[in-house]
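To start, the structure under review is shown below, and the notes come after it.
The values are calculated or read from the model by the stated rules, or taken from the named source; none is laboratory data. Since this is a predicted model, take the numbers as computed values, not measurements. Reconstructed Cβ throughout: ideal geometry from the backbone, glycine too, with neighbour counts over all protein chains shown.
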Amino acid sequence: MQIVTFTPIHTSLRLQPGLDPRSRDYQQVLSAMPADDELLCVPNRDLNSRLSDFDRKDEDNYDTRLVVYRQAVDRGEIVFHVFPVGMAIVEICLNYREHLDPRQVEEFAQRHARELMVTHLPAVSRLLADAATQIPDTYLDKQASETVQSLVDESWTARTVLIAKDSLPDPAMQTFLEQWLCDTARPDDAQRLIAGETDYSMTWLNYVIVDADPARTRMLRAAMRLSQYYYAVQHILNRQAQLNLSSAQFEKNARKAEAELTRTRKRMQMLQIQFGVQKSFMNRTMRRVVDGIMQAWEFDDVVANGNRLIEASSARINELDRSRREFSTYLTDVILAAIALIAIMELSLGLVQYSREFISRPVLGYTDSGVSRVLSFVASREIDVLLSGSALLFVILVVVYGLLKRHK
C-alpha cells in the first residue's frame, strides 16, 4: 500500500494576478526560470500557443503550475507543485508496510510529510528566490510576496491511501476502509469500494484510490491536487479580504487601505476566472471528479462568501474614494475661501487708495459736476473699519454658501 499526502503551503514567489499560461508575457516569465533537469520541470516552457483549445482534452492541456520540483526520498518521492500565486501543493508518495491501523497510518503520513517538507523546503525556497531575481519586475507582485522560513503557515495535510484491487476481499482491508472513511463526508463509500461500485473516495482529508489503472490514478491525483490548490487559495484570499476589511475601518491612510482592498479583490476575481477556464479544459471524467470533490467540500459556499467579501470590499473602496473626494472638495473650498478673503481685502484696500487719491486730486474728476459721495465716504473711513467690513462680508458669503450647499 502507498500513502499520498497533499499539503498546501505558501511560497516566496508571486506573479501579478491575471497572467495566463498561454500568454506571451507568461512565456517571458518562463524564460527566466532555470533549465529543466532531473529535479526541476517547467510544465509550460514548450507550450505551443497555436494549439487549439479543443485539440486535446487531458489534465495537462491547461497547466497552471509554474514549476514542478521532485526529489526521491526514502520510501518514495516528494513533489512541490509550485503555482504562480504564492502557493504550492506538496505531494508526497510513500510506501507503507506497517499495520492497517487508521490512526497509525494517519500519524505516519502526518509525521513523515512534515519531516520531508522541513528538509526539502529550503532548497525550493532558494530556487524560487533565485528565479525571482531573473523575472522582470513588471510581472512580480512584490507587495504580496512572502519569504517562507518555516511551515508555520501550513494549512492541512490530506492523506490518500493507494490500494491494490486484489486486496479488497481481505477482511482486514475492509475493516481498515470502514474505519479510514468513517469521519469523511461519505462513510458509505467504504462499502461501495468493497463492492467494486467505485474505485475512489475523496471527500474530506482521508481519501482512498484503488490503484488498478496507472493513468486513472494519475488523473485522480491531479484532480485532487487542483482541488486542493483552488480551495486553499480561495480560503486564504477570503481570510485576507476579511482582515483587510477590518483594517480598513481603522486605517487613517485611505489610499493604503484602498490599495490593499483592491489588490485582494483583484486576486480573488482572477482566481475565480482561472478556475472557470481550468474546468473548461478538463475532459468530462476529470471535471466530474473535481466537481464531486468541490461539492463535498462545499466549495460553492466558500466562493459565495468570497463574492460577499468582494462586494463588501467594493463598497468600502467606494466609501474611501467618496471620503477622499469629500476631503478634496473641502480643501478646495478652503483654498477658494482664502482666495476670496484676500480678494475682498485687496478690493477694499484698492478702493480706499483710489478714493483718497481721487479726493486729494480733484483734477481726476473734472468732468463730474461735484465730488463723488461714495468715494468721499470711503475715503473718510478708517482702514481698520473697512477691513472689518470686508471680513464681515466674507463671513456672510461663507454662511450663504454653506446654507445653499446644505440644502442642495
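When the test is whether a residue is surrounded by fewer than 18 Cβ atoms within 10 Å (Cβ to Cβ), out of contact with any Asp or Glu (no Cβ under 7 Å at 6 or more places or on another chain) and under 21 Å from Gln228 (Cβ atoms), Gln2 passes it.
Considering only residues that are surrounded by 13 or more Cβ atoms within 10 Å (Cβ to Cβ) and aromatic (Phe, Trp, Tyr), which ones fall in the range 297-349? Hits for the range 297-349 are Trp297, Phe299.
May I ask you to list the residues in the range 97-117 that are of a type outside the set (D, E, K, R), at pLDDT below 90 and surrounded by fewer than 17 Cβ atoms within 10 Å (Cβ to Cβ)? Result: His99, single match.
Pairs are defined by a Cβ separation below 7 Å, a sequence spacing of at least 6 or placement on different chains, a first member in the range 302-313 that is within 10 Å of Gln242 (Cβ to Cβ) and in contact (Cβ under 8 Å) with a residue 60 or more places away in the chain, and a second member that is surrounded by 14 or more Cβ atoms within 10 Å (Cβ to Cβ) and of a type in the set (Lys, Arg); the pairs so defined are Ser313/Arg265.
Hey, any hits in the range 305-317 for a residue that's among the basic types (Lys, Arg) and at pLDDT below 85?
We begin by selecting, within the range 305-317, every residue among the basic types (Lys, Arg); these are 308, 316.
Retained after the next criterion (residues that are at pLDDT below 85): 316.
Yes, there is a match, as at least one residue in the range 305-317 is among the basic types (Lys, Arg) and at pLDDT below 85.
This table checks each residue for (1) crowded, with 16+ Cβ neighbours inside 10 Å; (2) in contact with a helix residue (DSSP H, G or I) (Cβ under 8 Å, 6 or more places away or on another chain); (3) part of a strand (DSSP E or B); (4) aliphatic (A, V, I, L, M).
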| residue | (1), (2), (3), (4) |
| --- | --- |
| Ala215 | no, no, no, yes |
| Ala232 | yes, no, no, yes |
| Leu237 | yes, yes, no, yes |
| Ser246 | no, no, no, no |
| Arg255 | no, yes, no, no |
| Arg265 | yes, yes, no, no |
| Gln269 | yes, yes, no, no |
| Ser280 | no, no, no, no |
| Gln295 | no, no, no, no |
